[in-house]
Amino acid sequence: MYICSFNDKYHSPDSSENPFAFWQQKAKDCNGLLRQFGKKASGAGLASKKMTIRKGQKADMPAVLALIKELAVFEKEPDAVVVTVADLERDGFSENPLFHIFVAEIEGDPSDSEQAKQIVGMALYYYRYSTWKGKTIHLEDLIVKEKMRSSGLGFALYKEIIAQGKKDNVRRIEWNVLDWNTPAIAFYEKSGAKILTDWRVVNMDENGIDAFLNPKS
């Protein structure tokens, strides 16, 4: 797994200081992205439907959890997800939320009120503090349903996160990517992000925490 970062000072593929200059010339808005890449979408008719990127709401969390579980399968850890809808609702929508989220929504079946709109993607982030940079954003997950991949939806969510970082005046946006996910790595590098191959991701799970605090004699 690699660490990726997007600093407030980055190189642009042209002279505009905008790492998205190439892409923005190709797509002025989300609907333009869907029209541009729609022929590549695997779900028939999906790319032609209206798409909205918006702030996530508490009522969206069941759909968000479904996306999280889909990602776990893609990353070959289908049993690793233990978070629940109740966890997401509590942690994301309390007085002091632990995370923030954007969701991508497309039109569904207008004759079915429960399926009138479908959440097909999400980007979950939270704020961190760097002793070198100050306030930063950590992008925890950006997920697009398999049927909507290559539709431009992932780029739209990615752009929303970068725009949020600019709005918040953060000096860095960071996230992780698996070393075998070469298409994602190539995209991130082309967008202006840096892949930090000399860093390692370190974590300690519940068993490790307990073992550290209660060492066996």
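Yes/no per residue for (1) open to solvent by 60 Å² or more (accessible area, probe 1.4 Å); (2) in contact with a strand residue (DSSP E or B) (Cβ under 7 Å, 6 or more places away or on another chain):
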{"position": "S151", "(1), (2)": "no, no"}
{"position": "K166", "(1), (2)": "yes, no"}
{"position": "N181", "(1), (2)": "no, no"}
{"position": "V201", "(1), (2)": "yes, yes"}
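Within the range 132-183, being within 29 Å of K49 (Cβ to Cβ), acidic (D, E) and modelled with pLDDT under 95 holds for one residue alone: E146. Would a scan of the range 161-168 turn up a residue that is basic (K, R) and under 22 Å from L98 (Cβ atoms)? Scanning the range 161-168 turns up at least one residue that is basic (K, R) and under 22 Å from L98 (Cβ atoms).
How many residues does the range 183-199 contain that are open to solvent by 40 Å² or more (accessible area, probe 1.4 Å) and within 18 Å of A72 (Cα to Cα)? Residues that pass the stated criteria total 1.
Just so you know, in the range 154-164 the residues that are open to solvent by 20 Å² or more (accessible area, probe 1.4 Å) and in contact with a strand residue (DSSP E or B) (Cβ under 9 Å, 6 or more places away or on another chain) include one that is nearest to P183 (Cα to Cα), and it is G154. Would you be able to tell me the number of residues in the range 189-217 that are more than 28 Å from the chain's Cα centre (by Cα), at pLDDT 95 or above and either charged (D, E, K, R) or closer than 30 Å to N7 by Cα (or both)? Qualifying residue count, the range 189-217: 1. Considering only the range 63-78, state which residues are open to solvent by 70 Å² or more (accessible area, probe 1.4 Å) and touching a helix residue (DSSP H, G or I) at 6+ places or on another chain (Cβ under 8 Å). Within the range 63-78, F74, P78 qualify. Output the residues belonging to the range 64-78 that are over 16 Å from I101 (Cβ atoms) and in contact (Cβ under 8 Å) with a residue 24 or more places away in the chain. Within the range 64-78, F74, E75 meet the criteria.
Among residues of the range 168-179 being of a type in the set (D, E, K, R) and under 20 Å from I195 (Cα atoms), the one that is most open to solvent (accessible area, probe 1.4 Å) is R171.
Criterion applied to K58, K76 was being under 27 Å from L178 (Cα atoms) and charged (D, E, K, R), and the one residue passing it is K76.
Across the range 74-85, the number of residues qualifying as modelled with pLDDT of 95 or more and in a helix (DSSP H, G or I) comes to 1. Within the range 193-215, residues that are in contact (Cβ under 8 Å) with a residue 24 or more places away in the chain and aliphatic (A, V, I, L, M) have Cβ atoms under 6 Å from residues that are surrounded by 10 or more Cβ atoms within 10 Å (Cβ to Cβ) and in a loop (DSSP other than H, G, I, E, B) in these pairs: V201/M1, counting only partners at least 6 apart in sequence or on another chain.
Residue-by-condition table, conditions (1) within 13 Å of M61 (Cα to Cα); (2) in contact with an Asp or Glu (Cβ under 9 Å, 6 or more places away or on another chain):
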position: P78; (1), (2): no, no
position: P97; (1), (2): no, yes
position: G108; (1), (2): no, yes
position: L124; (1), (2): yes, yes
position: R149; (1), (2): no, no
position: F155; (1), (2): no, no
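Among the residues of the range 79-101, not a single one is open to solvent by less than 60 Å² (accessible area, probe 1.4 Å), closer than 17 Å to L142 by Cα, touching a residue at least 12 places away in the same chain (Cβ under 8 Å) and touching a Cys at 6+ places or on another chain (Cβ under 7 Å).
The values are calculated or read from the model by the stated rules, or taken from the named source; none is laboratory data. Values in this document were obtained by computation on a predicted structure and should not be read as measured data. Here Cβ is always computed from backbone atoms with ideal geometry, including for glycine, and neighbour counts include all displayed protein chains. Only protein heavy atoms, including side chains, enter the accessible area calculation; ligands, DNA and RNA are left aside. Shrake-Rupley method; radii C 1.70, N 1.55, O 1.52, S 1.80 Å.
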